[in-house]
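Just so it is clear, none of the values below were taken in a lab; they were calculated from the coordinates. Bear in mind that the values here come from a model prediction, so they are computed numbers and not experimental data. Glycine gets a Cβ as well: all are built from the backbone with ideal geometry, and neighbour counts include every protein chain shown.
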Amino acid sequence: MYAGFDSKKQHQPEPGLDAELEPKADVGEETYRGSGRLAGRKALITGAASGIGAATAIAFAREGADVAMSYLPEEEEDAQRIAGLVQDAGVAVLTLPGDLRDPGYCRDLVARAVDGLGGLDIVVNNGGKQIFNEDLTTLDDEQFDDTFKTNVYAMFWITKAALPHLKPGSTIINTTSIQAYQPSEILVDYASTKATINAFTKALAQQLAPKGIRVNAVAPGPIWTPLQVTDGQPQEKIESFGEQTPLGRAGQPAELAPAYVFLASAESSYVAGETLAVTGGSPTP
Ligand code: NAD
Ligand code: MG
């Protein structure tokens, strides 16, 4: 399906836009077909303007869920396109830009999603920051802090604020990474956040299972998104991005969405504390 995919060197300033990726990423806009698996559900998705979050937003909408989208104000162009596709599916959409590093925004985001959608039963913590660094002595405190704030603290703040609203049957899905298991030498801070997300997911899953709330995670391998071309990788690694996987290529965001749909829907009713690997065949524990 993606045999001809060929990434080229390119750089964008953070957070980057799907609109400017070359070749274009596939977020499932032409392909995802829903079958009512999330009919009437209400979902909050962070990092929903592009990449994996955008593919998830489209899939959730086509499965019948109303969607609240979190993203950075600089991503408005991407966000409007995805919000339009969500709306085309005949469900409600909320666009709620802001900065995940700000606990006030995270709490307000949940309150606005609950108010605007009339409840909440799916939380997808997917927004993330990845900036490569080759030498720990030059990894500045601000980047370390920003990466943990975006990837870990925001997940904590949002989940904590959402819990009082989540009824039995609700689901929480966090986005970890192959980096949690195979950390790159140039992603010390990022890989550490992703291992943290796995532990958080497995601990919280046990705490919330008795309440009927399932917590799981998805671990993507190398996926073609703006995260990678905004200094997520050095330029020389962009051209061969994903070729080291057993499947021999980078994945597309559209190939992640079914994993999120599975974990969000009642089809995964006996799955909790699991990390579902979508890694192009790279083994995970
Ligand atoms: P992406 O760039 O499309 O999405 C990341 C999104 O995070 C941004 O679009 C933005 O909306 C959001 N974000 C970042 N900083 C933010 C901030 N301070 N405030 C608000 N929002 C902010 O890239 P993606 O690859 O789809 O990333 C989604 C998730 O997938 C991330 O958690 C990432 O770590 C994870 N992941 C990606 C890959 C990959 O190869 N692309 C691999 C493993 C895991
Ligand atoms: Mg983006």
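Go through Ala257, Leu166, Pro226 and say which Cα lies farthest out towards the positive end of the charge dipole of the chain; charges sit on Cβ, +1 for Lys and Arg, -1 for Asp and Glu. Projecting each Cα onto the dipole axis, the largest value belongs to Leu166. One Cα centroid belongs to the range 77-99, the other to the range 33-76; the line between them spans 8 Å.
Note on the range 33-141: the alpha carbon radius of gyration divided by the globular reference 2.2 N^0.38 Å gives 1.15.
Legend: translational diffusion of the chain by Stokes-Einstein, Rh = Kirkwood radius over C-alpha pairs, 37 °C, 0.692 mPa s; D = 177 µm²/s. Computed from Cα atoms, the angle from the helix 103-117 axis to the main principal axis of the chain rounds to 50 degrees. Shown here for the range 214-285: chymotrypsin sites (Phe, Trp or Tyr not before Pro) in loop regions (DSSP other than H, G, I, E, B) with at most 15 other Cβ atoms within 10 Å, namely Tyr270. Relative contact order of the chain: 22 percent, from C-alpha pairs under 8 Å at least 6 residues apart in sequence. Using the Cβ-Cβ distance between Gln80 and Asp102 with R0 set to 35 Å, the FRET efficiency works out to roughly 0.95.
Between Gln12 and Thr230, Asp231, the built amide H atoms are under 5 Å apart, and every one of these is 5 or more places off in sequence or on another chain. Hand me the chymotrypsin sites (Phe, Trp or Tyr not before Pro) from the range 118-158 located in a DSSP loop with no more than 12 other Cβ atoms within 10 Å, in residue order please. Sparse-neighbourhood loop chymotrypsin sites (Phe, Trp or Tyr not before Pro): none present. Derived scalar couplings between HN and Hα for the range 246-259 equal x, 7, x, 7, 6, x, 9, x, 4, 7, 8, 3, x, 5 Hz in order, rounded to whole Hz, by the Karplus curve 6.51 cos²θ - 1.76 cosθ + 1.60 (θ = phi - 60°), x for Gly and Pro.
Sorting check: for 87-94, 205-212, 48-55, 121-128, which peptide has the highest mean count of neighbouring beta carbons within 10 Å, and how do the rest follow?
Values: 87-94: 16.8, 205-212: 13.5, 48-55: 30.4, 121-128: 27.0.
Top of the packing list down: 48-55, 121-128, 87-94, 205-212.
Model label points for Ala203 and Ala111, set 7 angstrom from Cα along the Cα-to-Cβ axis, are 2.7 nm apart.
In this simple spin-label approximation, Ala39 and Gln10 carry label points 7 Å from Cα along the Cα→Cβ vector, and these lie 4.0 nm apart.
Once you reduce the range 264-285 and the range 104-132 to the center of their Cα atoms, the two points are 22 Å from each other.
Output the direction-averaged projected area (hull surface divided by four) of the convex hull of the alpha-carbon atoms of the range 217-285, in nm². Can you show the working numbers first?
Numbers: hull surface 21.0 nm².
Orientation-averaged projected area of the Cα hull: 5.3 nm².
Just want the answer: with Cβ charges of +1 for Lys and Arg and -1 for Asp and Glu, which residue in Val215, Leu187, Gly116 is farthest toward the dipole's positive end in the chain? Positive-end residue among those listed: Val215.
Between amide H atoms placed 1.01 Å from N, distances below 5 Å from Gly251 occur with Ile223, Trp224, all of them 5 or more places distant or on a separate chain.
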